[in-house]
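Student: First the structure, which I've put down as structure tokens, then a few questions once you've had a look.
The values are calculated or read from the model by the stated rules, or taken from the named source; none is laboratory data. Small disclaimer: the values here were computed from a predicted structure and weren't measured. Here Cβ is always computed from backbone atoms with ideal geometry, including for glycine, and neighbour counts include all displayed protein chains.
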Amino acid sequence: MNRNISTRAIVLLFLLVLPLWSSSCFAQNDRSAKDWGDALVKWDTRCSARGCLMQTDVLRGESGNPPDPKDFHEYVGINIALERKTQQPAYFSFLIDPNAQHDQGVFIAFTRSTKEGNSWKMNIDPDGATRLSFAECNKDSCAARVPLGLVEEGKDSRKMNLIDKFLNSDTLLIHYMKNGKPYRTMVLLSSFKKEYQRVLTSEFASPIGK
């Protein structure tokens with residue numbers, strides 16, 4: 001079986017599951033996407049003289065079988081390092097199950113949401129899906145690292161500024177392959193936007209130690 005998967009196929013897969021994600025995450029008691037983002041995605045920020053590191057871990061999506069919340073391999077980690085001097089990203093990194101197919105890397109895409117009646121509809125970003133290669137894998141995770149948060153144009157990637165995507169999108173979609181099976185996760189970005197603004201206005205507002 002050919003386990004390679006194209007970027008176009010990933011985009012189609014994202015489009016197929018978007019209605020399921022929308023209805024399952026946003027159509028309960030008319031709660032807003034921002035409320036869900038704050039409740040489901042928590043960011044931990046640690047700062048030093050050099051800058052701040054924003055971190056979160058999100059339990060992977062069901063993807064045909066439910067995840068085990070007690071197994072840390074079932075979580076997708078996101079690390080964002082911000083330089084104090086420039087107030088810009090030093091890097092983004094995405095930490096994935098170490099048993100993911102190494103040659104496939106991880107695909108990411110972004111969406112914007114619009115409300116329709118009592119539910120939300122997600123529209124995938126025109127840039128579509130982008131493949132990020134794993135820089136390294138160990139017993140704990142496989143890591144895809146993006147220096148400066150700037151994705152370069154490539155065969156399976158689009159040129160993009162990740163901090164702009166995180167700030168101007170509602171959700172991040174993550175896809176990886178393991179044993180020939182696709183695994184998908186959705187990360188709501190509203191809580192990131194709040195924490196990012198807090199870092200800029202509070203942590204970076206005055207010199208360290210003041």
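Student: Looking at (1) in contact with a Lys or Arg (Cβ under 8 Å, 6 or more places away or on another chain); (2) in contact (Cβ under 8 Å) with a residue 24 or more places away in the chain, can you tell me which one Y75 breaks?
Tutor: Of (1) in contact with a Lys or Arg (Cβ under 8 Å, 6 or more places away or on another chain); (2) in contact (Cβ under 8 Å) with a residue 24 or more places away in the chain, only one is false for Y75: (2).
Student: Tell me whether the range 134-157 contains one or more residues that are acidic (D, E), buried (at least 19 other Cβ atoms within 10 Å of the Cβ), touching a residue at least 60 places away in the same chain (Cβ under 8 Å) and within 26 Å of L53 (Cα to Cα).
Tutor: Taking every residue of the range 134-157 in turn, none turns out to be acidic (D, E), buried (at least 19 other Cβ atoms within 10 Å of the Cβ), touching a residue at least 60 places away in the same chain (Cβ under 8 Å) and within 26 Å of L53 (Cα to Cα).
Student: Can I ask one more? May I ask you to list the residues in the range 83-94 that are touching a residue at least 40 places away in the same chain (Cβ under 8 Å), closer than 17 Å to D164 by Cβ and not in a strand (DSSP E or B)?
Tutor: Of everything in the range 83-94, those that are touching a residue at least 40 places away in the same chain (Cβ under 8 Å), closer than 17 Å to D164 by Cβ and not in a strand (DSSP E or B) turn out to be Q87, Q88.
Student: OK, next. Could you list all residues from the range 38-83 that are crowded, with 16+ Cβ neighbours inside 10 Å, at pLDDT 95 or above and over 17 Å from the mean Cα position of the chain (by Cα)?
Tutor: Correct list: C47, G51, C52.
Student: Of all strands (runs of 3 or more DSSP E) completely enclosed by the range 95-165, which ones contain at least 2 residues that are over 20 Å from R60 (Cα atoms) and in contact with a Phe, Trp or Tyr (Cβ under 9 Å, 6 or more places away or on another chain)?
Tutor: Qualifying strands (runs of 3 or more DSSP E): 106-116, 119-124, 142-147.
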